[in-house]
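For reference, the structure is listed below as structure tokens.
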Amino acid sequence: MQTQLSDFIPKNAQPHVIALLAKDNLVVKVSKERKTKHGDYRQLPDGKHQITINSNLNSYRFLMTLIHEIAHFEAYSKYGHLIKPHGREWKHTFQHLMLPFLRPEIFPMELLPLLAKHFKNPKASSDTDTQLALALKRFDEGEKKTYVFEVPLGKAFKLYNGRVFKKGNKRRKRIECVEVKTGKLYLFNPNAEVEIIS
């Protein structure tokens, strides 16, 4: 395994990750932060298979993202490229690949029940599992973050890209927010990171 990659995943996960990457002959690149995704998988024009993962992820989210992307490669290899990217074949493959990592030697005890629940039916993004996403964010380094669910009703907040919204009512899983500039209504994931405008 590249020395660089070993710096990003939990130490006790490294032997199994090395074995997976060697078996699949995958190239893994650590890239700068992308706001729209944690990682991706693609087949390159030369026939090689590449996974990219954001460098700003904590080790637990990095490991989950890496296995998520390896599952894409293995599902496509086994079932062909006509399957849905996050369909049942991918879900089954992701569950199977993730199982050996769901141990207290790798993940903190507080995450294990949330991970077990999530992997009964994994989603396209762990961010849609609000409880798990918030628990994973507690392991992020840096300053304390503010999330949409913490913003008071009717209060304005700003996104990383400078767009300003006002928080509205909570629906079943999402929170209604109106963009101040356009008046358009958007639905936010409760754990979206924001900056409250005073």
| said: in the same structural domain as L26 (by TED's automatic domain parsing) and touching a strand residue (DSSP E or B) at 6+ places or on another chain (Cβ under 6 Å): which single residue out of F165, F119, F73, F107 fits that description? | reply: F73
| For segment 39-64, which residues satisfy the criterion of being within 17 Å of F94 (Cα to Cα) and touching a residue at least 60 places away in the same chain (Cβ under 8 Å)? | Y60, R61, M64
| query | Could you say whether any residue in segment 183-196 is out of contact with any Lys or Arg (no Cβ under 7 Å at 6 or more places or on another chain), of a type outside the set (V, I, T), outside any strand (DSSP E or B) and farther than 30 Å from I67 by Cβ? | reply | yes
| said: For H86, only one of the following conditions fails: (1) more than 13 Å from the chain's Cα centre (by Cα); (2) part of a helix (DSSP H, G or I). What is its number? | reply: (2)
| field | Enumeration of residues in segment 1-15 that are assigned to a helix (DSSP H, G or I) and surrounded by 17 or more Cβ atoms within 10 Å (Cβ to Cβ) | value | L5, A13
| request: Kindly list the number of the only condition in (1) over 16 Å from the mean Cα position of the chain (by Cα); (2) surrounded by fewer than 20 Cβ atoms within 10 Å (Cβ to Cβ); (3) among the hydrophobic types (A, V, I, L, M, F, W, C); (4) not assigned by TED's automatic domain parsing to the domain that holds E176 that fails for L153. | output: (4)
| Residues of segment 140-195 being farther than 20 Å from T36 by Cα, touching a residue at least 40 places away in the same chain (Cβ under 8 Å) and in contact with a helix residue (DSSP H, G or I) (Cβ under 8 Å, 6 or more places away or on another chain), which ones? | none
| said: Based on this model, can you work out whether L112 counts as at pLDDT below 95 and either in contact with a Leu (Cβ under 8 Å, 6 or more places away or on another chain) or not β-branched (V, I, T) (or both)? | reply: no
| message | Name the residue that is surrounded by the most Cβ atoms within 10 Å (Cβ to Cβ), counting only residues in segment 164-182 that are part of a loop (DSSP other than H, G, I, E, B) and among the charged types (D, E, K, R). | response | R174
| request: Select from segment 113-163 the residues that are part of a helix (DSSP H, G or I) and among the β-branched types (V, I, T) and list them in ascending order. | output: T128, T130, V148
| task | Name the residue, out of L111, L134, L57, L66, that is under 15 Å from the mean Cα position of the chain (by Cα), surrounded by 18 or more Cβ atoms within 10 Å (Cβ to Cβ) and closer than 28 Å to E176 by Cα. | result | L57
| query | Taking segment 33-52 as the region of interest, how many residues are of a type in the set (S, T, Y) and surrounded by 10 or more Cβ atoms within 10 Å (Cβ to Cβ)? | reply | 2
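Is it the case that M98 is assigned to a helix (DSSP H, G or I) and either hydrophobic (A, V, I, L, M, F, W, C) or out of contact with any Cys (no Cβ under 9 Å at 6 or more places or on another chain) (or both)?
Judged against the criteria, M98 is a match.
The values are calculated or read from the model by the stated rules, or taken from the named source; none is laboratory data. It should be emphasised that the depicted structure is a prediction, and the values quoted were computed from it without experimental measurement. Cβ coordinates were reconstructed from backbone atoms using ideal geometry, including for glycine residues, and neighbour counts include every protein chain displayed.
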